[in-house]
Every structure is written in structure tokens, then in C-alpha cells.
1. Would you mind giving the average projected area, over all directions, of the Cα convex hull of the range 30-159 in nm² with one decimal?
2. From largest to smallest, what semi-axes in whole angstrom does the range 194-269 give when each is the square root of 5 times an eigenvalue of its alpha carbon gyration tensor?
3. Please work out how much length the chain gains when fully extended from residue 154 to residue 41, using 0.36 nm per residue of separation minus the C-alpha to C-alpha distance, in nm with one decimal.
4. Can you find, among 62, 333, 51, the residue farthest towards the positive end of the dipole of the chain? Put +1 on the C-beta of Lys and Arg, -1 on that of Asp and Glu.
5. Which value, in debye to the nearest 20, describes the size of the charge dipole of the range 107-173 about its Cα centre when Lys and Arg Cβ atoms bear +1, Asp and Glu Cβ atoms bear -1, and nothing else is charged?
6. Starting from 0.36 nm per residue, how many nanometres of slack lie between residue 351 and residue 169 once their C-alpha separation is accounted for?
7. Of 289, 74, 224, whose Cα points farthest to the positive end of the dipole of the chain (charges on the beta-carbon: +1 Lys, Arg; -1 Asp, Glu; origin at the Cα centre)?
8. Evaluate E = 1/(1 + (r/R0)^6) for residue 189 and residue 138, where r is the Cβ-Cβ distance and R0 equals 22 Å; express this FRET efficiency to the nearest 0.05.
Amino acid sequence: MDQDLNRLRDDALGAIARAAAVADLNTVRVDVLGRKGRVTDLMKTLGALTPDERKARGAALNALKDEITAAIDARAAALEAVELDHRLQAERIDVTLPVRPQAEGRIHPISQTIDEMVAIFGEMGFVVAEGPDVEDDFYNFTALNIPPEHPARQSHDTFYMQTPNGGASPKVLRTHTSPVQIRTMMKEKPPIRIIVPGRTYRCDYDATHSPNFHQIEGLVIDKTSHMGHLKGCLSEFVRAFFDVPDLPVRFRPSYFPFTEPSAEMDIGCSRAGGELKLGAGGDWLEILGSGMVHPKVIANCGLDPAEYQGFAFGMGIERAAMLKYGIPDLRTFYEADLRWLRHYGFLGIDVPSMTGGLGR
Ligand code: PHE
């Protein structure tokens, strides 16, 4: 090939290789191939040549033109890809959520235990009911068949409130969740099936008693529920809650003013070697109080005891939690010690359900 074409080729390919942007390539294209470009100028000189020379040089020029065009196109494609990459990087929008921070807090074992109990009774068709912590003497005692002079009040010694203007029914911090039985029967028509988790208060303080503690109450009122239902319901409950399918249970005759007959429920355990283990073992552990709702209580709520009947039960929540999760001292529940809570507490994702398993 002629010297001048070679130089032109080197110049053009060099400029193409050095182009840093698509705009630089356009300059090369105009300089070399444009209407006044160097290749075009050379084309114009072909007319002065002999036919043979013209043929050879024309072919060389055309080949050069094709080669430079191809080089420009290839470089343009590469530069465009790089430019697109830069733009994609620069204009990138992060549509993902940042990772959630590690769960910091813990669910207190009392809250967790309440949730577990509610899950089990919920499956049986019970609904949650609530009542106030500061309760009328009437609901806490009198309507539950514990009149003012009744000795049962002694064992429920509690915190009495000053009654404004010497009102008829003094206020007390409720000693049990049973007043919610009364509140519910007075405002709802049977069938009734409620459970009532909540705070309760008594003047007690030692390793197994706290002036503030929690109970869960159950009440079933309809026309047909009897002692057999009470036993079946509570047996099912303790086996599900403690996750011991063949947990032995026994019902001991007892006394509560608001149930007749009354029974305390024990669950089987062993205390061999000083270690308490739930299940068969020949020993028994009291777990709750229960009974058929006393006809007087039903009548006190304005319902006809000849038409309606049912059962009730009440259980300490701390005690159940201590047994299930091996917590040795009741007082630690209220000390707000973070090390304790980290050890015995639950993560927010450990939401109890019957299908997911109730414990951890
Ligand atoms: N309220 C009783 C208590 O605190 C427990 C109980 C509730 C007993 C319902 C029978 C029926 O000891």
C-alpha cells in the first residue's frame, strides 16, 4: 500500500484508540471520512490516475475506509458500554430494606407464659376478658359469695383504698382474677367462655409469694357444662402447657366460697434427689383451684341457676412459669435485672402457638 495511505491509517487508528468518549470518535470520523475528510480528499485525486492505477488505489482507499469505519464502530460500542456502566452505577437506586437490627429486648417470662396459656385456651374456644386492678369490694368478695364477715377474706388480705365520700362499696386491689367472672356474667348472656390473665395483689412476701403477682382465670357458663368438662379441659391444658402428653393429674376436693363442689388440681411429679421433674413419679404438685360455679354466684349476677351452670378455675402464672422454665425464685420476676431477663426472656419471634410449639 502507498506510504501516504499507511500514514493515514496509523493516524486514524491511533486517534480512535485514544478516544476517551463517543464525542472524540465523531471528530475522527469527520476528519477522516467526512465530506472534507482526508480519505474523501484522496478519493477526489483518483480521477488523475491511469485506469490500472485508479483500480488499485481505489480498492486500497475503499479497504482503508472500511477498516477505519469498523474501528470507529467497535471503539464506539466499547465506549458506550463503559458510559452505560458508569451511569448505572451513578444512578443506582437501592430498593432493598436495610437489615433489621438484632432484636435487643426480651419478652418477660410472665408475658410469654400468658401468651402460651391464651394460645391453648384460645384453641379450645375461650376468649380473653379483662377487668380493673383497682376493684370494687363487691366484685372481689361479696358477689363471689364472700360476705364482709367471711373468714375467707382473711386469706385474701389485701390493699384497701380510701373510698371517696364514704361510698358504699370500698375499693381494693383485686386479690384474684375471679371478680371478672362477676363482671362478665352481669353483662353478657351465656354461653360464656372466657379466660382472664391479669395482675393480682395480696399482702405476702417471700420466695414463693409476692404482693403483686399474676393469675389466669377461666369461666364457662352454659346449660350443660359439668364437672367432667372441667376435668377434661384442665387436663388437656396442663398437658399442652407443660408439653408432657401423659402428665398424670388428680383432682382433690377443696373449698372456695364461689364454687361448689370445689377441687384443687395436682399434676404428677417426682422429687427424687431433690430435683423436681414433671411427669409420673409418685409425687404431686398443686397447680390450680377450680370448681362448679356456685348457684349463689350465678344468682348474684342476675342469671337463673336452675337454667345456667358451668365451671371456673384460677391459676398462678408465675408458679406455672417457674415450673416450666426452671426459674427458682419468684422475687426475681420483678427485679428488672437485665442479666436475668437475657437469660430467661424470650425473643420477639418466639411467638407461642400450638402448631409452632409453645416453648423454646
Ligand atoms: N380465685 C381463687 C384463688 O385465687 C382460684 C379459683 C378460681 C378457684 C376459680 C376456683 C374457681 O385462689
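1. 21.3
2. Its equivalent ellipsoid spans semi-axes of 23, 18, 14 Å.
3. Details: separation 113, 0.36 × 113 = 40.68 nm, distance 12.01 nm.
Additional length available on full extension: 28.7 nm.
4. Farthest along the dipole direction, towards plus: 51.
5. 200
6. Details: separation 182, 0.36 × 182 = 65.52 nm, distance 4.06 nm.
Here the answer is 61.5 nm.
7. Comparing the listed Cα positions along the dipole, 74 ranks first.
8. Approximately 0.55, to the nearest 0.05.
Taken together, the values in this text are just the output of simple stated rules run on the coordinates, not laboratory data. Only a predicted model underlies this, so the values are computations on that prediction, with no experimental measurement involved. When we count neighbours, we look across all protein chains shown, and the Cβ atoms used for this are built from the backbone with ideal geometry, even at glycine.
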